[in-house]
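The values are calculated or read from the model by the stated rules, or taken from the named source; none is laboratory data. Quick caveat, the model's predicted, so the values are computed rather than measured. Cβ sites come from the backbone with ideal geometry, for glycine too, and all protein chains shown count toward neighbours. Accessible surface areas use protein heavy atoms only, side chains included; no ligands, DNA or RNA. Shrake-Rupley method; radii C 1.70, N 1.55, O 1.52, S 1.80 Å.
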Amino acid sequence: MRRFVADASHELRTPVTAIRGFAEYYRQRGGLVRRWDRDQEAVQAANASEATGLMPDDVDRIMQRVEKEAARMGLLVEDLLLLARLDQQRPLARQPVDLLSLAADAVHDARLLAPARAIDLSVQPGAAFLVMGDEARLRQVIGNLMSNALTHTPDGTPIEISLSTGTLDPQAGDHSPAVLLDVTDHGPGMTPEQARRVFERFYRADQARTRTAGGRTTGGSGLGLAIVRALVAAQGGVTSVRTVEGQGATFRIALPLAPEAMGHPDDADLADDPELDDEVDGTKAARAADRA
C-alpha cells in the first residue's frame, strides 16, 4: 500500500507540476498584453522591448498544454478510483455479453487509430462466445489490451485478436468451460522478470520508453494492464501473458462461458449479426457452413 500511494503520488505530481508551472509563467509575464487589439507586429515589437505580457497566441498554447495535462490527470484519477472500487469488491453488472462483437469493435477502432498496421481477428469455428459480465468493463479490458499492443510495439507491427473456447485455468486445476481471448503482437517481447510483473500497478516494462527528454509521459501511467487483471478477476476470469524476449507477446483473458452458451454451440444469430465488423464475415460464413 505504501508503494502504491507513493507511485500514485509520483504520477499525479507530474501533471500538477506542469499546470502550476504554466500558471506561474502566465503570472510572471504579467498576464495577457493589454494592446491585444492593435497591429500584431507592432504589439510583438513593443512586447519584446518591454519583456512583459503575453500575446493571445501564447496564451492559447499555454491553455492547450494545461488542458492536456488536466485531461491526463483526470484519466489517472479515474483509473485510481476504478481500482479502489474493485479493491472494495463492489459488484459489477452481470449479463450475457458477446465477446465476438466486442472484439470486432476493438479491431475496427484500432484500425482507425493505426491504419498502417495489419490488425486481424481470427475466430475458432463452432462456438458461441457468450460470457456473463459487464459489457462496458469488458470493452475497457479489450481496449486496454489493444492500446498496450499499439503503444509498446514499433509502428507497423502486426497485431491479432483471436477467440476460442477452452478451460478457465488449467494450471490451477479449474477446467470450467471458458471463452479465451488472445491479443498477440510481434513486438520486442519481455523478459521473464518483466512478464512476471507486467500486471502490477504502475509497473512499466521499459521505463526509458515512457518519458521524453523533457519528462513528458508518452507510455501511459502503468495502470492499464493492472486494470485488465482487476476487471477480469472481478468477473470470475483469469489473465495471463505468454512472451519471449524478441518474439512478441500474447495477453490472454479467460472468462467463464455463459450458461446460455453451454450445450448450445449453434450461434447462427451471431453469424448473421450485421453489426459485426466486416473482418469476421469470412469467419462467420465458415462457422455457419461447419454447423450445416
- Query: If H264 satisfies every condition in (1) open to solvent by 60 Å² or more (accessible area, probe 1.4 Å); (2) at pLDDT below 90; (3) within 25 Å of D120 (Cα to Cα); (4) not polar (S, T, N, Q) but one, which is the exception?
  - Reply: (3)
- Task: Exactly one condition in (1) modelled with pLDDT of 80 or more; (2) in contact with a strand residue (DSSP E or B) (Cβ under 9 Å, 6 or more places away or on another chain) is not met by E67; state its number.
- Result: (2)
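Being farther than 26 Å from P154 by Cβ and either modelled with pLDDT of 90 or more or surrounded by fewer than 15 Cβ atoms within 10 Å (Cβ to Cβ) (or both) is the requirement here; does A271 meet it?
Working: farther than 26 Å from P154 by Cβ: yes; either modelled with pLDDT of 90 or more or surrounded by fewer than 15 Cβ atoms within 10 Å (Cβ to Cβ) (or both): no.
When the stated conditions are applied, A271 does not pass them.
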- Task: Identify the residue in the range 168-198 that is closer than 15 Å to L255 by Cβ and buried (at least 17 other Cβ atoms within 10 Å of the Cβ) and, among all such residues, is nearest to the chain's Cα centre (by Cα).
- Result: V183
- Task: Could you tell me whether the range 112-128 includes any residue that is farther than 29 Å from T167 by Cβ, aliphatic (A, V, I, L, M), at pLDDT 85 or above and part of a helix (DSSP H, G or I)?
- Result: yes
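From G53, G31, which residue is farther than 30 Å from S162 by Cα, in contact with a helix residue (DSSP H, G or I) (Cβ under 8 Å, 6 or more places away or on another chain), open to solvent by less than 30 Å² (accessible area, probe 1.4 Å) and at pLDDT below 75?
After applying the criteria, what remains is G53.
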- Working only within the range 85-108, note down all residues that are acidic (D, E) and modelled with pLDDT of 80 or more. D98, D105
- Please determine, by comparing only the residues of the range 126-163 that are surrounded by fewer than 16 Cβ atoms within 10 Å (Cβ to Cβ) and more than 18 Å from the chain's Cα centre (by Cα), which one is nearest to H186 (Cα to Cα). G156
